[in-house]
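The block underneath contains the structure these notes are about, expressed in structure tokens.
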Amino acid sequence: MSVFAAIQSAVVKSLEDLYQVKISSSDFQINQTKPEFEGDYTVVLFSLLKALRKSPDALGKELGDHLIKSHSTLFSSYNVIKGFLNLSISDQYWSGILNANYKNEDYGKIAGGKGCIMVEYSSPNTNKPLHLGHLRNNFLGWSIAEILKANGYEIVKTCIVNDRGVHICKSMLAWQKFGNGSTPESTGIKGDHLVGDFYVMFETELRKQAEPLYQKLLKGDISEISGDDKVKSTLLVSKLNSGELNSEKKAELESEIREIARYHTPIMQEVREMLLKWEQHDPATIELWKKMNGWVYEGFDATYKRIGVEFDKTYYESNTYLLGKKYVEEGLGKGIFFKKSDGSVWIDLTADGLDEKLLLRKDGTSVYITQDLGLAKLKYDDYHPEQSIYVIGDEQNYHMRVLKLIAEKLGLPHADGIYHLSYGMVELPSGKMKSREGTSVDADDLVEEMILEAKNKTAEQGKIEGFTKDELQNLYDVIGLGGLKFFLLKVDPRKKMVFNPAESIDLHGFTATFIQYAYARIKSILRKETPSNDFKLDAEETLLPLEKELIILLEQYGSIIEQAGKDHDPSVIANYVFHLAQTFNSFYSKHSVSQAETHHKKELRLMICQLTSSVIKSSMALLGIKVPDRM
């Protein structure tokens, strides 16, 4: 039982004993006592005054006296200030918590027994390697899964690979045109990087073909445009030339016109023909698709292994894109969806504050929302999770809201469990990344840059004596990857962030390196000596302020894990473990462990060191970060 729960229980029991009334823990608040007042935890009395017909001071005194008398091992003193009962927890209670848990390497975690939660993350496209944005996604998804596991849930980690569609055909077509039969083996280029290079080549050629067509459209020449885009482009150019536009609106119209030009280029026509062949199972097209996707999968697997990420189940869009069509028929039959005159199927979500949403195109082909409905049902049938968490960037907020709404309206059994863990995009100090222009930061390159940064920073410290070459390389990996993961996870997922590699490995900053160094310092202490006996604080002994502060922080670890799971937010763990490392450093700089004032104190401090090291290691593991025994 946590100290918070123990206080709640004690207050409920004392109120019932004092006033013979039934009180629930939800009838009052307990907070940590503000620093300017004496005490550890504060009971807010105002919500109890009317029912108990007591003044704040009278209730505070009567309750405080009873708590001290009936729970002397928990409380040592109290004071009442204007309706707030400030309680001090006894040093014996804190030392008891330390004594009971310092050997427990799973301290703070719940053993299991809760339901199943599915966490879907990564979701890459097979036309390019993983990049910086994918890293935040992967680290976030993996960490949330581990945090929920620590909260007692059975976890299934899944990934949906976007392995079909126009974007995949772009790389395939570029390889046919410009590849000259090249392979990862013949070029020495990692498979996912090689395929990504061809995607960039395609976009380069597309821009070259689209530019003259775009210029023609601006002049009103629509001779090379077909279908509905003839009228659309004419209207857009007319609006553009109206002279009544601000710069933002003008840029928006120019972008729409440019997209029309891109769509009507010869090379885009070839891509659409290739996609049609794929859908018709043309043998040569399927063979090329399998070959190039195989290169990418090998590359992805190497990156996932490098960054310490794995999945229990991988789904492929090529196997799921036709799912969901039956729900369209079901929705039409129930009047949830409607069909327009051109044969396309829609849902009207205006009453829900949204708009009309397309579900099937006029030619009967699925759109992403239709596919996702089918995939959501497939995942539910496979594992029956009580919650299905989608780790997807905030640019898909609308899409995920629509998915959940439609699933609810259809009465699908998994609808209530759909949860979008929306996160902000990662940018570089130089601005946004663009995959089609080849300006994105490849995950592999960034990992290597971080490891090199770790090597350079370690060399600057000059503390590499006694390490073998292999041990040093492992240390650089641990520091470099730790710095990268911590930097991307220490920020609330919902916030956008700017990643700066130079700031992520700093021995004195809000970094993994700072925490890793604190851990290595503790392990150095424990290599020389470990706690030898269980420790019990004598009645006349007291804890020094930093000893007590550390034990209080350690006691909160279980609640921190619970909060991080409830909020789906690894930054709760990151901030906690950094504060723990800071507090330990303050404690260590002020109080000697090996040369403690008494043997009793030495045992106490060794126990504090041991539990602190366990909690640091456990916390960092929930973030996917290793901690070295030596630095």
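The values are calculated or read from the model by the stated rules, or taken from the named source; none is laboratory data. Since the model is a prediction, treat every value here as computed from it, not as a measurement. No Cβ is skipped: glycine too gets one built from the backbone with ideal geometry, and neighbour counts run over all protein chains shown. Calculation scope for accessible area: heavy atoms of the full protein, side chains included, ligands and nucleic acids excluded. Shrake-Rupley method; radii C 1.70, N 1.55, O 1.52, S 1.80 Å.
Values computed for the structure shown
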read-out	value
Pairs beyond 28 Å (Cα-Cα), from K170/K362; K326/K566; K232/K339; K82/K601; K170/K232; K230/K377	K326/K566; K82/K601; K230/K377
Average Cα contact separation per residue, the chain, under 8 Å, 6 or more apart, as relative contact order %	16
For a label point 7 Å along the Cα-to-beta-carbon line of S24, residues of segment 42-69 with backbone N under 15 Å	48
Estimated FRET transfer efficiency when R0 is 41 angstrom, pair V231-K566 (beta carbons, to 0.05)	0.20
Spatially proximal aspartates and glutamates relative to K13 (Cα-Cα < 17 Å; intrachain offsets below 8 disregarded)	D27, E62, D65
Eligible aspartates and glutamates near K177 by straight Cα distance, threshold 12 Å, same-chain separation 8 or greater	E205, E270
Inter-centroid distance (Cα atoms) of segment 464-483 relative to segment 265-335, Å	40
Cα-Cα over 31 Å, subset of K216/K496; K357/K496; K277/K404; K313/K340	K216/K496; K277/K404; K313/K340
Using distinct alpha-carbon pairs, which all enter the 1/r mean, Kirkwood radius of segment 18-88 in Å	12.3
Percent RCO, i.e. relative contact order, over segment 271-373, from Cα pairs under 8 Å lying at least 6 residues apart	19
Segment 90-190, relative contact order in percent, only Cα pairs under 8 angstrom and at least six apart counted	32
Square roots of five times the Cα gyration tensor eigenvalues for segment 436-487, Å	26, 10, 9
Carbon + sulfur, % of accessible area of segment 132-183 - ligands and nucleic acids excluded, 1.4 Å	46
Geometric extent, Cα atoms of segment 220-300 - Rg, Dmax (angstrom)	18.6, 53
Positive-pole candidate from I608, P545, S592, dipole of segment 498-620, charges at beta carbon	S592
Label-point separation, A351 to Q269 (7 Å along Cα→Cβ), nm	4.6
Viscosity 1.002 mPa s, 20 °C: Kirkwood-radius Stokes-Einstein D of the chain over Cα pairs, µm²/s	74
Two-site label geometry, K239 and R630: point separation in nm, points 7 Å out along Cα→Cβ	6.7
Tilt relative to the chain, helix 571-590 - C-alpha long axis, 0 to 90 degrees, to 10	40
Å² per residue, accessible surface of the chain at 1.4 Å	47
Selection from L253, C169, I89 lying farthest towards where the dipole of the chain points positive, charges on Cβ	L253
Fraction of accessible area attributable to carbon and sulfur, segment 299-394 (%, probe 1.4 Å)	48
Inter-label distance, nm, simple model (7 Å from Cα along the C-beta direction), K291/V12	6.8
Carbon/sulfur fraction of accessible area - segment 396-510, other protein chains in place, 1.4 Å, %	49
Share antiparallel - DSSP beta bridges, the chain, percent rounded to 5	50
Rounded to the nearest 10 Å², the accessible area of T73 at probe 1.4 Å	100
Whole-Å distance, taken between Cα centres, linking segment 119-138 and segment 552-631	32
Cα long-axis angle, helix 557-567 against the chain (0 to 90 degrees, to the nearest 10)	30
Nearest 10 degrees, 0 to 90: helix 545-555 Cα axis against the chain principal axis	50
